[in-house]
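Readers should treat all values here as calculations from the given coordinates under stated rules, not as data from a laboratory. Worth saying up front: this structure is predicted, and the values here are computed from it rather than measured. Positions of Cβ are backbone-derived with ideal geometry, glycine not excepted, and every protein chain shown enters the neighbour counts.
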Amino acid sequence: MDLNQLTIAEALEGLRGKKFSSVDIAKACLEQIRKHNEDINAFITVDEKGALEQAESADKQRANGEELPFLGIPIALKDIFLTKGLKTTAASKVLENYIPQYDATVVAKLKDAGAIIIGKINCDAWAHGSSGENSDFGPTKNPWSKEHVPGGSSSGSAAALAADMCLASTGTDTGGSIRLPASFNNLVGLKPTYGRVSRYGIIAMASSLDSIGHFTKTVEDSALLLSVTAGSDPHDATTPDKTVSNYSKIENGVKGLKIGVPKEYFASGLDSEIKEKTEAVIKKLEELGAEVVDISLPNTQYAIAAYYIIMSSEVSSNLARYDGIRFGNDRSFFGDEAKRRIMFGTFTLSAGYYDAYYKKAMQVRTLIKQDFEKAFEKVDAIISPVSPTAPWKLGEKVNDPLKMYLSDIFTVTANLAGIPSLAVPAGFSNGLPIGIQIMGTQFSEEKLFQVGYAFEQATEYYKHTPKL
Amino acid sequence: MKINVSHVAKLANLTLSAAEEKKFEEQLSDILSYIEKLNEVDTKNVEPTSQVTGLENVTREDIVKDCELAQEEALSNSKSTQNGLFKVKAILDSK
């Protein structure tokens with residue numbers, strides 16, 4: 001096994017046991033990027049020099065007996081995480097030359113934990129999209145099949161990790177942008193509770209929905225990473241002062257846990273094979289000792305409509321700042337999807353339409369949130385598919401925005417309710433990965449890791465890797 | 001119902017070509033008719049949710065902190081500066 005294929009836990013063990021150095025791992029990742037990035041198009045910026053310097057310094061620190069939770073681990077960042085002195089584009093031509101003057105809180109925390117920032121990763125421009133095809137720097141390909149989309153908007157984050165170009169990657173999830181690509185690439189993707197991880201220094205899409213998370217190969221790695229990134233931040237007033245647990249102490253087994261299965265997520269529109277695979281997951285959890293409970297989330301069918309109004313409204317406001325004066329190019333550089341969302345949001349917020357659309361959507365959001373609250377009175381966690389279909393082919397949905405939006409039908413609900421959701425691999429459909437998600441109450445990440453870990457250890461899908 | 005794309009574009013400070021206007025009008029009208037399904041939901045007496053944290057009035061002590069950005073740094077990404085300031089187009093006509 002090459003060093004770039006290691007999990008974070010394995011790499012840390014090897015580094016601590018002096019079996020290899022941080023420079024060895026960084027070089028292996030950089031070599032993999034050199035070999036395959038042209039095909040996959042996962043990276044926008046590779047910081048080869050910076051990564052090697054950071055790795056050398058990590059090795060020195062370790063030799064001096066210093067120990068940090070992520071010392072010497074190469075991580076790639078979605079290109080909407082601000083990195084001081086390192087170009088950050090949001091995958092948009094508007095910011096093609098933007099060099100941030102400061103680090104996002106999460107980036108600073110990762111650096112403080114010893115992580116090596118290996119580069120900046122492609123995504124749908126401004127995180128708008130479900131396929132990765134809205135990037136102004138070209139679409140990312142799925143390492144499992146280059147004719148297929150990797151899922152979006154954190155397209156490159158998933159593809160880079162699946163292709164072993166880094167040991168973990170960050171992402172943002174406003175309506176499914178971590179969970180969808182995680183499930184399309186056989187990866188673990190965490191959308192934390194809204195407010196669990198600071199949004200400061202991350203280019204805003206829809207501020208009441210944006211959740212800052214990450215991609216890893218295993219549940220254990222996901223928990224390790226959250227232990228570093230989580231916590232209250234004086235720069236982000238929406239991060240409650242809640243204790244950050246040691247997430248990596250994952251409780252064993254699911255015996256006695258009640259797992260809810262929402263009937264609305266198995267209605268028409270769900271691909272038959274995804275349905276079958278999700279039912280197999282439920283059966284497996286039952287075998288492992290969980291109690292499966294049928295539940296109902298009756299307002300699910302209205303989630304996409306409410307989401308699109310709220311999201312576009314917030315997008316139109318957040319993207320108003322890009323006027324080409326203080327940074328970046330002017331507004332003529334926006335791509336089609338950003339223009340659509342800005343205009344739609346401007347419309348739903350405009351005089352005479354606010355009550356009919358924006359306020360109505362916020363009321364429906366309340367009902368969706370209440371659906372979950374009621375369900376969680378009866379169950380510890382909820383299981384559902386991530387995507388209604390397996391990965392689709394590049395180009396298949398690009399001319400039909402509404403069809404593209406509907407790919408997020410099972411994921412936007414967690415963002416509207418502000419609850420955490422963990423996507424874990426659930427098998428394959430014609431050789432392409434598919435995933436399920438585990439949702440819980442706000443700040444119940446530990447429980448999601450517990451369920452995810454039990455399922456992962458029983459199935460070991462993470463051991464399958466793509467042939468590049 | 002149709003969205004008046006040229007009006008909305010003007011409000012959003014976007015410049016569109018005639019072809020773009022036509023394309024966006026079709027696409028946005030599609031999305032608009034989709035979201036009309038919210039009209040089926042009874043939201044009488046339902047409070048709107050604008051945020052989910054339950055936090056209210058998050059404040060800090062009103063003390064001066066060191067400025068994290070030097071003036072030069074703050075201007076470093078701008079193509080339009082003068083005398084250490086951002087230069088913008090005149091808002092009011094001098095005549």
Just to confirm the number: angle between the C-alpha axis of helix B:18-35 and the first principal axis of chain B, 0 to 90 degrees, nearest 10? 60 degrees
Determine which residues of the range A:304-339 fall in the zone a paramagnetic label at residue A:356 would reach in this model, i.e. backbone nitrogen under 17 Å from the point 7 Å along Cα→Cβ. A:306, A:309-310, A:313
Using a/c under 1.5 as the rounded threshold, could you call chain B rounded, prolate or oblate? The axes a ≥ b ≥ c are square roots of the C-alpha gyration tensor eigenvalues, and prolate needs a/b larger than b/c, oblate otherwise. oblate
Nearest-20 debye value, the protein assembly as shown charge dipole, Cβ charges on Lys, Arg, Asp, Glu: 620 debye
The farthest towards the positive end of the charge dipole of chain A, of the residues A:160, A:70, A:269, given +1 on Cβ of Lys and Arg and -1 on Cβ of Asp and Glu, is A:269
From zero outward in steps of 10 Å, how is the percent of C-alpha pairs of the range A:240-374 spread across the bins? 10, 23, 25, 24, 15, 3
How do A:210, A:79, A:233 line up, fewest other C-beta atoms within 10 Å first? A:233, A:210, A:79
In whole angstrom, the spacing between the Cα centers of the range A:210-281 and the range A:107-137 equals 20 Å
If I histogram all Cα-Cα distances within the range A:154-266 using bins 10 Å wide from 0, what percent of pairs lands in each bin? 14, 38, 37, 11, 0
With viscosity set to 1.306 mPa s at 10 °C, what whole-number translational diffusion coefficient in µm²/s follows for the range A:114-172 from Stokes-Einstein and a Kirkwood radius over Cα pairs? 141 µm²/s
For chain A, whose charge dipole is built from +1 on Lys and Arg Cβ atoms and -1 on Asp and Glu Cβ atoms, the candidate among A:231, A:288, A:248 with its Cα farthest towards the positive end is A:231
If A:365, B:60, A:326, A:341 are placed from fewest to most neighbouring beta carbons inside 10 Å, the sequence is B:60, A:326, A:341, A:365
So which of A:141/A:463; A:109/A:141; A:403/B:10; A:109/A:374; A:87/B:2; B:10/B:37 end up more than 32 Å apart by C-alpha? A:109/A:374; A:87/B:2
When the scattering of the protein assembly as shown is computed by the Debye formula from its Cα atoms alone, each counted once and equally, what is log10 I(q)/I(0) at q = 0.09 Å⁻¹? -0.64
Tell me the mean residue ellipticity at 222 nm calculated for chain B from its helices only (DSSP H runs of n ≥ 4, each -39500 (n - 2.57), averaged over every residue, nearest 500). -9000 deg cm²/dmol
Find which of B:1, A:30, A:108 sits farthest along the positive direction of the dipole of the protein assembly as shown, computed with +1 on the beta-carbon of Lys and Arg, -1 on that of Asp and Glu, about the Cα centre. B:1
Taking a crude spin-label model, label points 7 Å out from Cα along the C-beta direction, the residue A:68 to residue B:85 distance in nm is 4.1 nm
Residues of type lysines that residue A:18 reaches as a straight line, Cα spacing below 22 Å, ignoring anything fewer than 8 places off in the same chain: A:27, A:60, A:111
Quick one: dipole size for the range A:382-447, taken about the Cα centre, charges +1 on Lys/Arg Cβ and -1 on Asp/Glu Cβ, in debye to the nearest 20. 140 debye
Which of A:404, A:343 has the fewest other C-beta atoms within 10 Å, and how do the rest follow up to the most? A:404, A:343
Once you wrap a convex hull around the alpha carbon atoms of the range A:1-119, what is its projected area averaged over all directions, in nm²? 7.5 nm²
Among the GluC sites (Glu not before Pro) within the range A:14-79, which fall in a DSSP loop and have no more than 13 other Cβ atoms within 10 Å of their own Cβ? A:66, A:67
If you count the DSSP beta bridges with both ends in chain A, what percent of them are antiparallel, to the nearest 5? 70 percent
Cα-based reach from residue B:44 at 14 Å (exclusive), listing aspartates and glutamates while leaving out same-chain residues under 8 positions away: A:355
So what does the Cα-only Debye profile of the range A:84-182 read at q = 0.12, 0.19, 0.20, 0.25 Å⁻¹, as log10 I(q)/I(0), no solvent term? -0.37, -0.92, -1.01, -1.35
Output field shielding_mean for B:7-17 (other chain Cβ, 10 Å radius) holds 6
Return the average number of partner chain Cβ atoms within 10 angstrom of each residue Cβ along peptide A:121-129. 0
Would you please put A:4-15, B:27-38 in order of how densely packed they are, using the mean number of other Cβ atoms within 10 angstrom per residue and starting with the highest? A:4-15, B:27-38
So what is the calculated 222 nm ellipticity per residue for chain A, using -39500 (n - 2.57) for each DSSP H run with n of 4 or more, over all residues, to the nearest 500 deg cm²/dmol? -11000 deg cm²/dmol
Taking a cut-off of 12 Å between Cα atoms, list the aspartates and glutamates near residue A:191, but don't count ones fewer than 8 places away on the same chain. A:173, A:210, A:445
